[in-house]
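Notes for the one structure printed next.
Nothing in this text is a laboratory measurement; each read-out follows from the coordinates by a stated rule. This is a predicted model, so every value here is computed, not measured. In this analysis, Cβ positions are derived from the backbone assuming ideal geometry, glycine residues included, and neighbour counts consider all displayed protein chains.
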Amino acid sequence: MAVAVYGFGPAFGLPDVSPFAVKAMLLLAMAGLSFERRQGDPRRAPKGKLPFIDDDGTTVADTTFIRFHIEDKYRIDLDRGLSQPERATAWAFERMLEEQFYFALVHSRRMDDASFDRGPRRVFEAVPAPLRPLVARLVRRKIRQQLEAQGMGRHTPPQIIALARRALDALSAQLGAKPFLMGEQPCGADAGIAAQLISAACPYFDNELTALARSYPNLLAYSDRMAAKYLPL
């Protein structure tokens, strides 16, 4: 039986609008497990957010715990071949992309008016037309509050881009000419990192962060490599 991945669904040329749903798909594919994509509802999700998976009746939310579940149940070590220092390095780079860079990505898509109108605003097309502007405004206000609480929303746009650039500079230096983050074979962190890059480099959006993400040839080739290997169309 295939594992069900509950996400937001594909859009803008992406396998899913959430990089974390893409990460869940990558983790499953890297583990050699078949999966099917299903439309999820954050209001009914175990932790109030997507993605989550249903693995033969076992529900697991949050991609870190999805990885733990895959490794524990199927006796797979996604970091096999790595030394303890290498595992630590991979974990640190994954956290950098998911705990800092991701919020720069959210800001670029949700707080930039042109990007919001081009992409996220389309989510509200299912809302009755008279209510659509109000609902979009309320949701956007909530996201702005979340970004301020996290800290990224307290910075100016140039400062946010500076932080994103610092993260991508570090990642590009670590990757170098290697095919994957830590060498010739992918490790667990490649799923989360590649998912963030796939989303950030999406050419559908035309903003400063997208241009930045697409300006690193080795990172662009890396994310394309991961998508081609594990996310066939």
- Item | Candidates per GluC sites (Glu not before Pro) in the stretch 120-195, loop by DSSP, up to 14 other Cβ within 10 Å | Glu184
- Based solely on its DSSP helices, what 222 nm [θ] is calculated for the chain when runs of n ≥ 4 H residues each add -39,500 (n - 2.57) and the sum is averaged over all residues, nearest 500 deg cm²/dmol? -16500 deg cm²/dmol
- Work out, step by step, the length gained on full extension between Arg144 and Glu208: first 0.36 nm times the residue separation, then minus their alpha carbon distance; give nm to one decimal. 21.2 nm
- Which value, in nm² and rounded to one decimal, describes the direction-averaged projected area of the C-alpha convex hull of the stretch 3-74? 4.4 nm²
- Considering the zone a paramagnetic label at Ala2 would reach in this model (a point 7 Å from Cα along the Cα-to-Cβ line), which residues of the stretch 65-92 have amide N under 16 Å from it? none
- For the chain, the longest site-free run once trypsin sites (Lys or Arg not before Pro) in DSSP loop states with at most 12 other Cβ atoms within 10 Å are removed: 81-233
- Query: If you take every DSSP beta bridge whose two residues both sit in the chain, what share of them, in percent to the nearest 5, is antiparallel?
  - Reply: 65 percent
- Message: Could you give the length gained by full extension between Lys73 and Ala173, i.e. 0.36 nm per residue of separation minus their alpha carbon distance, to one decimal place?
- Response: 32.6 nm
- Note on the structure: By the Kirkwood definition, with r running over pairs of different Cα atoms, the chain has a hydrodynamic radius in Å of 18.3 Å
- Among Lys23/Lys229; Lys49/Lys142; Lys47/Lys229; Lys23/Lys47; Lys47/Lys142, which pairs are too far apart, with a Cα-Cα distance over 21 Å? Lys47/Lys229
- Query: In units of 2.2 N^0.38 Å, what is the alpha-carbon radius of gyration of the stretch 135-223?
  - Reply: 1.24
